[in-house]
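Worksheet for the structure shown next.
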Amino acid sequence: MATEITTYGREEREIYEAPDFDSYYGSGRAQALVDRFEAMLAGADVCSFDVFDTVLLRDARSELERFADVAAEFVRRAGRAGHGQVPSVRTCLAARVLAASTAYQMSRPVKGCREGRFGDIVRNLVASLSLPEDPFAELWRASEFEIEAAQLRGSPFIENLVDLAVARGKTVIFISDMYLSAEEIARLVETCGMSLEKVSRIFSSADTVVNKRSGLVYDLVCGECGVEPGRILHLGDSLEGDFLAAKRRGLEAIHLPVPKALMRQRLDSHRRLMAELAGESPLPLPIAPPAL
Amino acid sequence: MTKPVDVLGPILLNWIAQLDRKLRFLDAREEAKVLFCTRAGKRIKEQLDIYAGPEPGYDAELFGISRISAVKAGLGYLRNFDQAFSVSQESFGPTPMGDVCAAFLKNFAAGHDPRLHALKALRGEFRGDNFRVLLAANDEASRWFRDYFEKSHDAMRRHLDELRGGRSHVVLVDTGWKGSIQRLLQSTYGDIRFSGVYFGVMDHAPMEERHAVVFDALGYHEGRPETCLAVHRHLIESLYEPAAPSVEEIAGGPCADIAARQLAAVLGEQPRAEDRSDALYLDVLAYTEAHRSDPLDVILERAHAAMKELERILIFPKPEEVPDYQGKPRSSDFGREGFVPVIRPLDDGETPETRVSRSLWQPGQIALEYPASVARDLQARIVGLGNQANYFTGYTGDGGGETAEAEEFSREGSVAIVTRTKDRPLLLERAMRSVADQTWRNYHWVIVNDGGNREVVEEIIARAPIDRRRITLVSNDRSVGMEAASNLGVRAVDTEFVVIHDDDDSWHPEFLSRCVGFLSSPSARSAGFEGVLTRAWCVSEEIRDGKVIHHGQTPFQPWVNDVTLFQMAIGNFFAPISFVYRRSVYDDIGGYHEKLPVLGDWRFNIEFLARANIGFIEEYLSYYHHRDVGNGNSVSGVYQNSVIGGRSVHAEYFPVVVNDLIRDGNLPPSVATVLAQAHLVRILEHRFNMTDQKLAALEERLGSQAAASSPGPVVPAETEEPLGVLLQTDRDHVVGALLAAVRSDLPEDRRAVLEPLVARLHQLDDPETRARIVREACFAIPSPADFDHISYLKKRTDIWATPFNGFEDLKPYHHYLIHGITDGERRPTTG
C-alpha cells in the first residue's frame, strides 16, 4: 500500500514567506510559478491581472503613510504657490481619510456594492478644509498622483507574464478594486514605465462600482469580453477579491500574495503614523490597518 | 464634575461637521434638496447654520413632517398600506380601532361630527385586516375617513414637488433612529429618490440609502464608545427637540391652516434657558460658534476623547450626573398628547425594579435607586456588560485585556478538517463547498482519498475557492479503512483543533467560527472543555441521475442537551460532522482505532470523554446526510452511509468495542463501571422497544378489525394515507416552523415559550404532547399551503364559532393537529 501526500500552494507559500517581492520574483524559484501560469494559460482566452501590488508593486509604506506624504506634498505645493493660509498636514491627512470614508459610505450602491471615486473624494476633502475647489482640488490631485507614482514600480515578473500571454494570442486585461478610474490607473501604469499597448482594457470599480470582492465585476467582464468564466485566468494579490471570489465565479485564478514581511512593515508604518498623529488623545481616523 | 457642555459640545460639533461633509458629498454626487425633518430638524439646522454659515453649499430647508403625517400620506389610496399600518401599530400598540381613528382625525373632525362618533364607536382591536376593511368600506363615515387620507396623500405629493423644485433626489436629515419617515415616503412616492442622514441608526432592517453619522447599532457594544448613545438616545432627542408640538398635518392638505400653524410654532420656538436640557442645547450652540473654525482633525480628536467620557457617564452615571444628562420628559407624538418622564419619580409607589424597567435611561434610574456599590454591577448587567456568565469571571480567568493579534496562519485557532472520500465526486464537491463557505478561515483541509480515483479528487481541488496553501491531499492507492484514513488525515498537518468532515456531510457557514470561538473562550478552558458539539440536522436524500435529491430534514437526536460519558457509553449519539476537538486529546488517545471497520468514532468519543469534557452549542450548525431514500447506488452502492448500508456490521462490532474498552489498561477503571451500567440500560431499552412494538402490532390488528366491520368505501391501501397518526408532511412542517421561529429574532417572551417545546419535538406522535406543543406554539406554526381550510371547516362545523376559526393565532390547521388527527379526520389538501 502506498500513500502519497501532496501539499498545495507551494508557490503562494514561498511568495508569502519571502522578505520582499524581489527575493521571490527575482529568484529561480519563480520559474515554477511561470510554468503553472503557462499551463493554466493554455485553457484561457483572456488573461486578467490585478493592478496594485500585482502589476504595480507598492513599497513598505502603509496607505496611511502614503496619504500623509500626499498631504505634506499638498501643503508644500499650496504654500509655494502662495495660495494663502493652508491647513496643517495633520488636518489635510484627516480630511483625506474622512473624505474617503464618506465617499465610500455615501456612494450610490450598485447591486449592493459601493465604491468611492477619487474625483468625489478630492472635491469633498477640499470643501471640508474650507478651501475653494479651484485651484486646490487640482493641486491635491496632482500631489496625490505624483506621490502614488513615486511609491509604485512596475513588476518585471508580471510584465513577462503579460508578454507570454500576448505571445500565446490571449487578450490581456487589468481589473482593479480602486477609487481611481480606469483612465487614472492607465496614467499611473504608464508613468511607472509600463506600456499599455498589450492591455486591451482596464476595469476599475471606481467606474463599475461592482467589484472583485463581491465577484460581480467578473460577471461584467465575462459579458463585456464575451467569454465563459472558465476561459479567464486571473492573477492578483488579494486572497478574497482576486482568488476566492474569482474561483466562486468559475474563473481560473492564481493568488500572488504580498510577502508577509512587507505587510508587517506596512503595519508598523501604520501604527507609527497613528502614534505620531495622536495629540492629547488618539486621532480616530477611519482607516483599517494592513491585515497580516 | 465636568460640565455637560464640555462633554457634549465636542461630540455634537463633530456630528454637525460630519453632517456638513456628508450633505456636501450627496449634493455633489447628484444635486439634491436637503430637507430637515421637523421637529428635531429645526435645531439641527440651526446648529448647522452656525457651523457652515448661511450659505452651506447645498439647498436646504425645514420640512414640516412627522411619522403620523407620513403615515397619512401612505394610507391615501392604500398606496402604502402595509408600511403605514405597521408604523401605526408600532406607535399605537394594542388600542381600540375607534381611538386610532380619533387620533388620526383629531385636527380635522369637529367634536360633534356624527361620522367621528361612528368611527370612535369601533371598539374592536386595531388590526391590519379590519383597518383595511374600514378604509375600503362604503358607509358615510368610512368614505369620509378615506377621503381625509387621500387628500393628505395628494397634499404631501404637491408639497414635496414644491420643496424639491424639480430635483429627483431628496435628502432627509433627522436624529434617527429607524428612518421610518424615509421608508414611508420612499414607498409611497417611488419616483422620488430619498436618502437619509441621521445622528444614529438603531434598526436591524437594512435600508440602502440610510446613513448614520455617529453610530449604527441596536445596543451598546464595549469598545465602541459611541454606541453608549443607543442606551440613552433620548439625550440627543431631548437636546434637539423644540418646544413646539409635532407637525401632524400636511401643508396644503385637509388641515392646511393647522399645518401652517404647527410649522410656524416649530420655526419660531425659542429654547428656554430655564430648562436644563434647553440650556445645555444653548451651550452647545455657543460651543459650536466658538469652535466652528477648529481644524477637523482637532474636532475629531476632541470628540473622541469626549465620547469616552460620555460613555462612562451614560453607562455608569453617578446620581449627581443624572439631572444634567436625563433630558426633558419625552413628548408623545402620533396624535397623542402628554409626556413620559425619562427618570421615574422615586415616590411613584412602584418598586425600584419596575421603575428601572420603565425608565428611558435605565443606568440613570439605577444610579438613583441603589447605593453605588450595588448600582455599578446592575448598570453593567443592564447594558449587557455583565451577565450570569461574567459573574464567574474571577474563576474562569476571563478578565478581558487585549487579545493578541492572530496571524493568518497562526497555530492558535487553526483547525484540521479531515475529509475521507472514495469515488464519490458528487458528494466531495458538496463537501468542498461546505468547507469553502466557512467564515472561519484559519483551517487546513486534508482530503484523504482512500483508494479512489485520484484525478477526480484533484479536479475538485482545482475548482475549490479555497486558499491553496490550506489544502493537502493524502492519497492511498488502496483503501486503508475509515479509522486509518482519519489518522492519516489528522497527522498530515499540525493544527490546534481537529474535525472530521466526511464527504457526504455539510456545515452551516458559521460552524467553525462558533466552535473555535467556544473552545478558545477562557470559560470553556476553565471548565475543561476540549471538544464541542453542535446540534445537527438529519438530512434525508437520494442520489438520482447524478444529482443529490433532498427529501427533507429533521433535528438529529433533538433530546441531546449535553455530552456525558454515561450517555456515550450507552451508544454513540452524534456524528463526527458536529464535533470539533483539541488535537492534544487526540494525541493522548493515540488516534482512532484502526482495526475497527465501524464504530471507531464511538470508541474514540468514549476515550475522549474519559479524558476531557465536550461542550454543547445549542445551534443547528451541521448537517448529517443520509441517503435513506430510493434504491440502487443511493442506498446500497458507493453512496451508502455506513450506518444505513452497513447496519449489521455495527451490531457485529458493538461487543468488540465494549470488551476492548473494558480491557484497556490505559483507561481509568471507572470507564469499565460506566460501560457495565450502560449495558443494563441497553437491556432495559431493548425490552421497552420490544413491548412497544408488540403494542403497536396489537393496535394495528385491532384497527384493521374495526375498519373491516365498519361500512364505507374501500380505498386501495397504497393510495390511502394512514388515519389517526401524525403524517410525515405535518411533522416536517411543525418541526421546521418551530426551529425556524427559534432561530429568528423572536421577542423574549415568545422565545421562552418555544424553547422548552422544541426539546419535545421528538414526541409529536403523542397526542397530548402534540396538543400542548401546538396550543402553546400556534403563533409560530403557520398553516401549510396545501392544507385545505375550506374543506376542513365544511366537515367540522363544530368549530365555526370557536377560536379555531381564524381568531387570534389559532387556525383550522391547528384544530386538525390537536383534534382532527385523533378524531380520525383525513387531512384535506388543496389541488
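The values are calculated or read from the model by the stated rules, or taken from the named source; none is laboratory data. Everything numeric in this text was worked out from a predicted model, so none of it was measured. Quick reminder, even Gly has a Cβ in these numbers, built from the backbone with ideal geometry, and neighbours come from all protein chains shown.
Against the numbered list (1) within 14 Å of chain A (Cβ to nearest Cβ); (2) in contact with a helix residue (DSSP H, G or I) (Cβ under 7 Å, 6 or more places away or on another chain), residue B:328 comes up short only at (1). Being within 14 Å of residue A:126 (Cβ to Cβ), within 7 Å of chain B (Cβ to nearest Cβ) and either over 22 Å from the mean Cα position of the chain (by Cα) or charged (D, E, K, R) (or both) is the filter here; which residues of region A:88-105 pass it? The answer is A:91, and nothing else. All of (1) modelled with pLDDT of 95 or more; (2) of a type in the set (Gly, Ala, Ser); (3) not in a helix (DSSP H, G or I) hold for residue A:71 with one exception: (3). Selection of first residues in region B:199-213 that are free of Cβ contacts under 8 Å to residues at least 40 places away in the same chain and within 14 Å of another protein chain (Cβ to nearest Cβ) and of second residues that are of a type outside the set (A, V, I, L, M, F, W, C) and not in a strand (DSSP E or B), restricted to Cβ pairs under 6 Å at least 6 apart or on distinct chains, gives the following pairs, ordered by first then second residue: B:201/B:176; B:207/B:179; B:208/A:109; B:210/B:179.
Conditions (1) more than 9 Å from chain B (Cβ to nearest Cβ); (2) under 11 Å from residue A:48 (Cβ atoms); (3) in contact with a Cys (Cβ under 6 Å, 6 or more places away or on another chain); (4) free of Cβ contacts under 8 Å to residues at least 12 places away in the same chain, marked per residue:
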| position | (1), (2), (3), (4) |
| --- | --- |
| A:225 | yes, yes, no, no |
| A:241 | yes, no, no, no |
| A:246 | no, yes, no, no |
| A:252 | no, yes, no, no |
| A:258 | yes, no, no, no |
| A:264 | yes, no, no, no |
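When residues in region A:73-85 are screened for being within 14 Å of chain B (Cβ to nearest Cβ) and in contact (Cβ under 8 Å) with a residue 12 or more places away in the chain, 1 of them pass. Residue selection: residue B:810 fails the criterion of being closer than 22 Å to residue B:555 by Cβ and crowded, with 16+ Cβ neighbours inside 10 Å. For region B:292-321, taking the residues that are charged (D, E, K, R) and farther than 14 Å from residue B:8 by Cβ, the one that is farthest from the other protein chains (Cβ to nearest Cβ) is identified as B:320.
The numbered conditions (1) at pLDDT below 85; (2) assigned to a loop (DSSP other than H, G, I, E, B); (3) at negative phi are all true for residue B:665 except (1). Contact annotation: residue pairs with Cβ atoms under 7 Å, 6 or more positions apart or on different chains, pairing a residue in region B:306-327 that is surrounded by fewer than 19 Cβ atoms within 10 Å (Cβ to Cβ) with a partner that is hydroxyl-bearing (Ser, Thr, Tyr) and assigned to a loop (DSSP other than H, G, I, E, B), are B:309/B:2. Scanning region A:109-122 for residues that are more than 7 Å from chain B (Cβ to nearest Cβ) and over 20 Å from residue A:145 (Cβ atoms) returns A:110, A:111, A:112, A:113, A:114.
The listed residues are B:72, B:42, and the only one of them that is farther than 30 Å from residue B:136 by Cα, in contact with an Asp or Glu (Cβ under 9 Å, 6 or more places away or on another chain) and more than 12 Å from chain A (Cβ to nearest Cβ) turns out to be B:42.
Taking the listed residues B:754, B:764, the one that is over 20 Å from the mean Cα position of the chain (by Cα) and either surrounded by 16 or more Cβ atoms within 10 Å (Cβ to Cβ) or within 30 Å of residue B:218 (Cα to Cα) (or both) is B:764, with no other qualifying.
For residue B:122, the requirement of being in the same structural domain as residue B:263 (by TED's automatic domain parsing), in contact (Cβ under 8 Å) with a residue 24 or more places away in the chain and touching a Phe, Trp or Tyr at 6+ places or on another chain (Cβ under 8 Å) is not met. Name the residue that is surrounded by the most Cβ atoms within 10 Å (Cβ to Cβ), counting only residues in region A:74-124 that are in contact with a Pro (Cβ under 8 Å, 6 or more places away or on another chain) and polar (S, T, N, Q). Per the stated criteria, the residue is A:91. Only helices (runs of 4 or more DSSP H) whose full extent lies in region A:178-292 are considered here, and the ones with at least 2 residues that are farther than 20 Å from residue A:44 by Cβ are A:182-191, A:205-208, A:260-277. Being touching a Ser or Thr at 6+ places or on another chain (Cβ under 8 Å), over 16 Å from residue A:123 (Cα atoms) and buried (at least 23 other Cβ atoms within 10 Å of the Cβ) is true for just one of B:63, B:25. Which residue is that? Sole residue among the options that is touching a Ser or Thr at 6+ places or on another chain (Cβ under 8 Å), over 16 Å from residue A:123 (Cα atoms) and buried (at least 23 other Cβ atoms within 10 Å of the Cβ): B:63. Looking across B:817, B:793, B:810, one residue alone is of a type outside the set (Gly, Ala, Ser) and modelled with pLDDT of 90 or more. It is B:817.
Each row is one residue, and each column tells you yes or no for (1) assigned by TED's automatic domain parsing to the domain that holds residue B:531; (2) part of a loop (DSSP other than H, G, I, E, B); (3) buried (at least 20 other Cβ atoms within 10 Å of the Cβ).
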| residue | (1), (2), (3) |
| --- | --- |
| B:478 | yes, yes, no |
| B:483 | yes, no, yes |
| B:494 | yes, yes, no |
| B:502 | yes, yes, yes |
| B:509 | yes, yes, no |
| B:515 | yes, no, yes |
| B:519 | yes, no, yes |
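The criterion of being on the phi > 0 side of the Ramachandran plot and more than 14 Å from every other protein chain (Cβ to nearest Cβ) holds for residue B:252. Annotation: residue A:234 fulfils all but one of (1) more than 9 Å from chain B (Cβ to nearest Cβ); (2) at pLDDT below 95; the unmet one is (2). Is there a residue in region A:16-36 that is in contact with a strand residue (DSSP E or B) (Cβ under 8 Å, 6 or more places away or on another chain), part of a helix (DSSP H, G or I), modelled with pLDDT of 95 or more and within 11 Å of chain B (Cβ to nearest Cβ)? Checking region A:16-36: at least one residue is in contact with a strand residue (DSSP E or B) (Cβ under 8 Å, 6 or more places away or on another chain), part of a helix (DSSP H, G or I), modelled with pLDDT of 95 or more and within 11 Å of chain B (Cβ to nearest Cβ).
Of all residues in region B:452-480, those that are within 11 Å of another protein chain (Cβ to nearest Cβ) and in contact with a Leu (Cβ under 9 Å, 6 or more places away or on another chain) total 10. Scanning region B:190-206 for residues that are aliphatic (A, V, I, L, M) and surrounded by fewer than 16 Cβ atoms within 10 Å (Cβ to Cβ) yields one hit, B:205.
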